[in-house]
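Notes to accompany the following structure.
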Amino acid sequence: MKIKRAIIPAAGLGTRVLPATKAMPKEMLPIVDKPAIQYIVEEAVKSGITDILIIISRGKSIIEDHFDRLPELEAKLEAGGESKKELLNEVIEIAKLANITYIRQQEQKGLGHAVLQAKSFVGNEPFAVLYGDDVIIGDDPCTAQLCRAYEKHGKGVVGIKEVSSEQIHRYSSMKASHMDGNIYKISDMIEKPATGQEFSLFSILGRCVLPPEIFEILERTPYGFGNELQLTDAMREIAIKEGLVGVDFTGKR
Ligand code: UTP
């Protein structure tokens, strides 16, 4: 089954990058000439995604403005004639990238809680999750690599990378056994492992493709690390029961 829908959770408080993110959403911080979230939407589109739900929160409406038309700005650029034509087209194209809708996560209760807000958008099909603050650049879009693995193996897929032994405690740790090439079988996982609890240095970094069953699991998953509803805790149930596929993706994060 082709994956057509994606969600981008972008409702977090961004406390790790304060004070830059006091008023400016982390996802809108620019990288060269574009906000981070535009790279993420472009990656989704290049991966065959047609419908995107961005999960936002108070103070994040400028994300909606960024992907909207701006008639006053367009009129001004149009009046600038040939010299502004390229810029005008670029500004209009941003609004046409994909069919983007928005929902608010009213309280920041974790990534799992953010994903749960997408239940009615997703319906009964597998869907991609692209973390709103993880930009991954590569010739073969990361989400496309994960979608191909889903189509081939018919199981939930997580994008994984090895991190250093000092860093693993800030991420998740995967119980991973090698299958073929850059593909691994994931049979267990833990969020923010304490020293000695790590399964491996493989961690989920920023992308996954999940079956719709994840919502029913999230609804009964207890709040975990940091008193947040952890997506990892819900994915763990699938990993233990039927296994997940880990793709050691190519691309620079
Ligand atoms: P992070 O944990 O990296 O983002 O979540 P954060 O909560 O903003 O981080 P701190 O405060 O610096 O520790 C990964 C993605 O999930 C979103 C974030 O916006 C980010 O894009 N997220 C996180 C939500 O949408 N809702 C939440 O409750 C938590």
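Charge dipole (Cα centre; +1 on Lys/Arg Cβ, -1 on Asp/Glu Cβ; no other charges) of segment 1-102 amounts to roughly 520 debye.
Return the single residue from Ala44, Ala194, Ala239 with maximal mean-square fluctuation; model: Gaussian network over the chain, springs between Cα atoms under 10 Å. Its mean-square fluctuation being the largest, the pick is Ala194. Apolar share of the accessible surface for the chain: 51 percent from carbon plus sulfur atoms, 1.4 Å probe.
Placing +1 on each Lys and Arg Cβ and -1 on each Asp and Glu Cβ, with no other charges, gives segment 42-148 a dipole about its Cα centre of roughly 460 debye. Percent of C-alpha pairs per 5 Å bin in the chain, short distances first: 1, 6, 13, 17, 20, 17, 12, 6, 3, 2, 2, 1, 0. Sparsely packed loop sites in segment 181-253 (the chymotrypsin sites (Phe, Trp or Tyr not before Pro) outside DSSP H, G, I, E and B with at most 15 other Cβ atoms within 10 Å) comprise Tyr223.
Normalising the average separation of contacting C-alpha pairs (under 8 angstrom, six or more residues apart) by the number of residues puts the relative contact order of segment 1-125 at 34 percent. If you average the alpha carbon positions of segment 14-90 and of segment 214-253, how far apart do those two centres end up, in angstrom? Segment 14-90 and segment 214-253 have Cα centres separated by 29 Å. About its Cα centre, the dipole of the chain is roughly 340 debye, where the only charges are +1 on Lys and Arg Cβ and -1 on Asp and Glu Cβ. Judged by the ratio a/c of the largest to the smallest principal axis of the C-alpha gyration tensor, segment 110-252 counts as rounded, that ratio being less than 1.5. Just so you know, the Cα atoms of segment 179-253 work out to an Rg and Dmax of 13.0, 37 Å. For the residues Ser61, Ser120, Ser187, a GNM of the chain with alpha-carbon springs under 10 Å puts the largest fluctuation on Ser120. Here the gap between Ala75 and Ala23, fully extended at 0.36 nm per residue and compared with their Cα-Cα distance, gives a gain of 15.9 nm.
The values are calculated or read from the model by the stated rules, or taken from the named source; none is laboratory data. Note that the structure is a prediction, hence the values are computed from the model and not measured. Note that each Cβ is placed from the backbone with ideal geometry, even for glycine, and that neighbours are counted across all protein chains shown. Quick note on the areas: whole protein, heavy atoms, side chains included, nothing else; ligands and nucleic acids left out. Shrake-Rupley method; radii C 1.70, N 1.55, O 1.52, S 1.80 Å.
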